[in-house]
Amino acid sequence: MVVLKNGCFFLFLIWMISGSTPVLAQPLSNVKQKYIATNSDSVTFDSLSVVPGSLAVYFRDGSKVPDSLYKYKEPNPVIAFSKTRQLPDSILLVYRTFPLLLNKPFRNRDRSVIEKNYAGMYNPFSYGEAAGEQGFFKLEGLQRNGNISRG
């Protein structure tokens, strides 16, 4: 019985020591470094929005690329290279990102379905009375005189 208690204590001690180190499932920083090829005129280098003022562009030797060799409009993750000077085959981008794409359109439904369409398409979100209908209920054969709450 004493061996079992000591064994359980030993297992508990190992579990506590191994559990004290944090398990990092996601990176703690939003700083990204990426090498991109310069053989095309523009490159989309990320799927998230870039934090304004955080993009730094470097040559492979570590020197900073002059701003006249590329164009970048915040927060889009697209960089365009000028064709006036020859760039090396790849450059290093260091930047920070937001957790989402800020200029992506967000909507629940397509606007063309909600707005009135004059092209003759059926719109399930609009109500209009058809010509010739009388009232809300279609009661052609019934007499509608008197109080309808009681019989």
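Only the coordinates and a few stated rules stand behind these numbers; no lab work does. Since we're looking at a predicted model, the values are computed, not measured. When we count neighbours, we look across all protein chains shown, and the Cβ atoms used for this are built from the backbone with ideal geometry, even at glycine.
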Derived scalar couplings ³J(HN,Hα) [region 33-50; Karplus, 6.51 cos²θ - 1.76 cosθ + 1.60; whole Hz; x for Gly, Pro]
10, 8, 8, 10, 7, 9, 7, 10, 6, 9, 9, 8, 9, 7, 9, 10, 6, 8
Scan around Leu101 for amide H atoms under 5 Å from its own, H built in the peptide plane at 1.01 Å from N, and keep only partners 5 or more places away or cross-chain.
Ser49
For Asp67 and Cys8, compute 0.36 nm times the residue count separating them, minus their Cα-Cα distance, and round to one decimal in nm.
14.8 nm
The simple spin-label model distance between Arg85 and Ile36, using points 7 Å out along Cα→Cβ, in nm, is 1.8
Need one number: nm distance between label points at Arg60 and Leu102, each 7 Å from Cα along Cα→Cβ, rounded to one decimal.
3.4
Using a cut-off of under 13 Å, list every residue of region 47-61 whose amide N is near the label point 7 Å from the Cα of Leu92 along the Cα-to-beta-carbon line.
56-61
